[in-house]
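Down below is the structure, laid out as structure tokens.
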Amino acid sequence: MILKKFIQSIGPGPLIAAAFIGPGTVTVCTLAGANFGFSLIWAMALSIIATVILQELSGRIGIVSGSDLSTLLRNQKGKPLFRIFSMVLVLLAIVLGNAAYESGNISGANLGLAFYWEAPTWSFAGLQLQVGNFILGLIAFLLLWTGSYKMLERVLVALVILMSVAFTITAILTKPDFSSLISGFIPKWNEAEIPTLVALIGTTVVPYNLFLYASLVNKRWKKEADIPLMRRDIVVSVVLGGIVSMAILIVGAANTSSEITSAIDVSKGLESVFGSFAGYMMGFGLLSAGLTSSLTAPLAAGFVVCGIMAWDQEIRSKPMRVTMGIIVGLGLLFSSFGIKPVQLITFAQLANGILLPVISGWIIWIAAQHSVLGKNKNTPLATGIAIFIWLITLVLGVKSVGAVFGWF
């Protein structure tokens, strides 16, 4: 009875976990474990804390203001030039970024599918059509086109649960050394680990998730009295998502392959531990991770575009369907025909590198304003903690921008 009530009280938090545990996260966590063992688990823990803090601010703003972040951004007072710059930056980063990364989500899901079914490749108009990518992208499009938020939520929650079980069982079966695992929570690093450290945090603290959660909480909670429920929702969901990411890292650390370039290589290295079962579990986890992210990325882009443009944000509305369709369509095009949107990804990386510290700083500033949140505004201590998290996002942003220009 208690468990049933708890499950019923959970809101859109699992969708945030579904959004950040994508093929990119699976690959980054896998490589972190394979290359450095358990030594960077502390970075994963730090990224979870940062995500919880920023997402809680996003959710609280959404409930108290009754608006999503993109609408607040459009209606903010002050210098018009800054407002226009912010809106354009958000549109470019979210739309171009999500379109580019959608292809990675679909391709990642197809890698997992390959453990069960090797989809054929067809020649079409001089291009090679990846049938598996096309089918998975089409499934994502149809699920979004139905316009049923409740159905989307159920599908995503089910996939997150199954993905969590797959990766957690795989991690347990590797029988990790407990003392080494615990020591991994003590912060330490060397120069060789810094790029992976930044990648681990960057793959969890995602800009579009801040917009997504503020939009989704409005569909679940309307009163300030519901803030404790929202907090429990996001803490439980993100922490469980973090445990899944750590499980993936643990699996990576158990690998025995001589060469690792992706999560798929790890499953081969684990075959000596528990046979082909490793491949099936990793494959299912990767398939689920790709599918969940291929649904949340277009959904977030739709909320952002419609919020900034003052269009209808109902999932069944024409603006939402068109926006989500464009994101999925581009991802489908890039992945199914093997097109490498290098320039698009590079520009998206640049825009997201600027966007993360700008948006997180803006959210922290909003959360400290009595005129917006009233008695629910941040305390000075909470603001101080949030500023520390902002410094982390600033480092991530500088790193992303620097990677584009070749500074690092």
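The values are calculated or read from the model by the stated rules, or taken from the named source; none is laboratory data. For clarity, every value in this text was computed on a predicted model and none was experimentally measured. Don't worry about glycine lacking a Cβ; one is built from the backbone with ideal geometry, like all the others, and counts go over all protein chains shown. Just the protein is used for accessible areas: all its heavy atoms, side chains included, with ligands, DNA and RNA removed. Shrake-Rupley method; radii C 1.70, N 1.55, O 1.52, S 1.80 Å.
Overview of results
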{"item": "Highest-first arrangement of 16-27, 154-165, where packing means the average Cβ count within 10 Å", "result": "16-27, 154-165"}
{"item": "Other-chain or far-sequence residues with amide H under 5 Å of residue 129's (modelled H)", "result": "122, 123, 124"}
{"item": "Solution diffusion estimate, µm²/s, Stokes-Einstein, the range 136-234, Kirkwood Rh from C-alpha pairs, 4 °C, viscosity 1.567 mPa s", "result": "73 µm²/s"}
{"item": "Within-14-Å neighbourhood charge of residue 311 [Cβ basis; K, R +1; D, E -1]", "result": "+1"}
{"item": "Label-point separation in nm, residue 232 to residue 369, each point 7 Å along Cα→Cβ", "result": "3.1 nm"}
{"item": "Flagged links, alpha-carbon separation over 20 Å, of 150/219; 223/377; 222/375; 223/318; 222/377", "result": "223/318"}
{"item": "Overall Cα dimensions of the range 76-174 - principal axes, largest extent first, Å", "result": "55, 45, 32"}
{"item": "³J(HN,Hα), Karplus 6.51/-1.76/1.60, whole Hz, each residue of the range 373-388, x for Gly, Pro", "result": "10, x, 5, 8, 5, 5, 7, x, 5, 4, 5, x, 5, 5, 5, 4"}
{"item": "Fully extended contour minus Cα-Cα distance, from residue 118 to residue 146, at 0.36 nm per residue", "result": "7.2 nm"}
{"item": "Check: the range 102-233 dipole with +1 on Lys, Arg Cβ and -1 on Asp, Glu Cβ, in debye", "result": "580 debye"}
{"item": "Taking N as its residue count, the alpha carbon Rg of the chain over 2.2 N^0.38 Å", "result": "0.95"}
{"item": "Computed lengthening from residue 35 to residue 387, 0.36 nm per intervening residue step minus Cα-Cα distance", "result": "123.6 nm"}
{"item": "Loop-located chymotrypsin sites (Phe, Trp or Tyr not before Pro) in the range 183-238 whose Cβ has at most 15 other Cβ within 10 Å (DSSP)", "result": "185, 189"}
{"item": "Accessible surface, the chain, averaged per residue in Å² (probe 1.4 Å)", "result": "43 Å²"}
